[in-house]
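Let me begin by presenting the structure, written as structure tokens, before commenting on it.
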Amino acid sequence: MSQAITFSEYGTPEVLRLSEVTPPEPGPGQVRIRVRAASVNPFDLKIRSGLMADAVPVRFPVVPGLDASGVVDAVGEGADAAVGDEVLGATVGGGYGEYALLERPVARPAALSWEVAASLVTVGATAFRVLGLLDPRAGDTLLVHGAGGSVGTVAVQLALARGVTVVGTAGEHDLERLTALGAVAVGYGEGWARRVRTAAPQGVDRVLDAAGAGVLADSVALTGDRAHVLTIADLSAARHGVRFSAGSTDDGTFLPQVVQVASEGGLTLPVWRTYPLDGAATAHADLEARRNRGKAVLLP
């Protein structure tokens, strides 16, 4: 037996329990890892609360967690890793535990800590995917809403590396960090569109909404083209005629590229706080209260 965080009903963070579970067995193409770090994502909170119950039905008890890093300790037939390999990747069946299954393990470069390796998986692949959909080119100006969040932070850096001018809206506490990355940082909240026009007199070519804070109508007005606005956070996208992109559409190529960029020093992702496995409820509460200033990570 091993330990994992589970929940058997939807609810507040208090439904998360440290439980005894049978370690999962890897199927064809899968590996089992001894988890060294598991990232806590906002999506985990939506699943636990029941907000996604219709879109993503679950069978209780649930082990939450999309991303993990660790050491391979068992392999399924045809798996692309060997026992003892240090890897990271998206989990199958949850990552908040001492053991987890990965389907597409990516080797962990020595330059990446276990915490950063686990944190990069979903947010890195998401940022890479949506930039591909928006396709900003060198010389374009990209506006990123929620640029201080994890997806936004990665998207800002990937876009800058393309030669794109990036304007990022964020809270006061994140503006200095965004400026240091090379973005034009703008405070969000009332009057943000006016501040963006002042900061980017050349205009805005593309908009990525990673905040979901009711910014779509003004974003369309800024670009003049609904096709140039994409959100990963606002479910009212269709009403504004803009694209909504969610879920995992990584064909196995996004994450390795993100990991390579990060290992070469071209991408940083702040880890705000680490928690023991039995601190999962506290981690969820911290994210729900928006206390975090970077990634929250469990260390089983």
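Relative contact order of the chain: what whole-number percent is it, with Cα pairs under 8 angstrom and at least 6 residues apart? Show your work: numbers first, answer last.
Values: 698 pairs, mean separation 55.4, N = 300.
Result for the chain is 18 percent.
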Percent antiparallel among DSSP beta bridges (both partners in the chain, rounded to 5): 55 percent
Just how far, in whole angstrom, is segment 1-61 from segment 180-256 if you go by their alpha carbon centroids? 31 Å
Over the chain, the sum of -39500 (n - 2.57) across DSSP H runs of at least four, divided by residue number and rounded to 500 deg cm²/dmol, gives at 222 nm -9000 deg cm²/dmol
Name the residue farthest towards the positive end of the dipole of the chain from the options V164, L18, L267, assuming +1 on Cβ of Lys and Arg, -1 on Cβ of Asp and Glu, about the Cα centre. V164
On each of the three principal axes the extent of the alpha-carbon atoms of segment 124-244, given in whole Å and largest first, is 36, 30, 25
Quick one, could you list the DSSP H helices from the chain stretching 20 Å or more along their long axis (Cα atoms) with average Kyte-Doolittle hydropathy of -0.5 or above? 114-134
Determine the relative contact order of segment 166-300: mean sequence separation of Cα pairs under 8 Å and six or more apart, normalised by residue count, in whole percent. 13 percent
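Could you please report the charge total around P270, scoring K, R as +1 and D, E as -1 over all other residues with beta-carbon less than 13 angstrom from its beta-carbon? Present the calculation step by step, with values, prior to reporting the outcome.
On the way: positive: R177, R273, R293, K295; negative: E115, D174, E176.
After counting each charged neighbour, the total is +1.
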Taking 7 Å along the Cα-to-C-beta vector as the label spot, tell me the H173-R17 distance in nanometres, rounded to one decimal. 3.3 nm
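Rank the residues Y96, Y188 as a footprinting-exposure proxy: fewest other Cβ atoms within 10 Å of their Cβ go first. Working shown, then result.
Values: Y96 29, Y188 22.
Arranged by neighbour count, lowest to highest, Y96, Y188 become Y188, Y96.
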Kindly write out, for segment 104-110 in residue order, the coupling ³J(HN,Hα) from the Karplus curve 6.51 cos²θ - 1.76 cosθ + 1.60 (θ = phi - 60°), rounded to whole Hz, with x marking Gly and Pro. 10, x, 10, 4, 8, x, 4
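Throughout, read-outs are computed from the coordinates displayed, never taken from laboratory work. Since the structure is predicted, the reported quantities are computational estimates derived from the model, not experimental observations. Ideal geometry is used to build each Cβ from the backbone, glycine not excepted, and the neighbour counts take in all protein chains shown.
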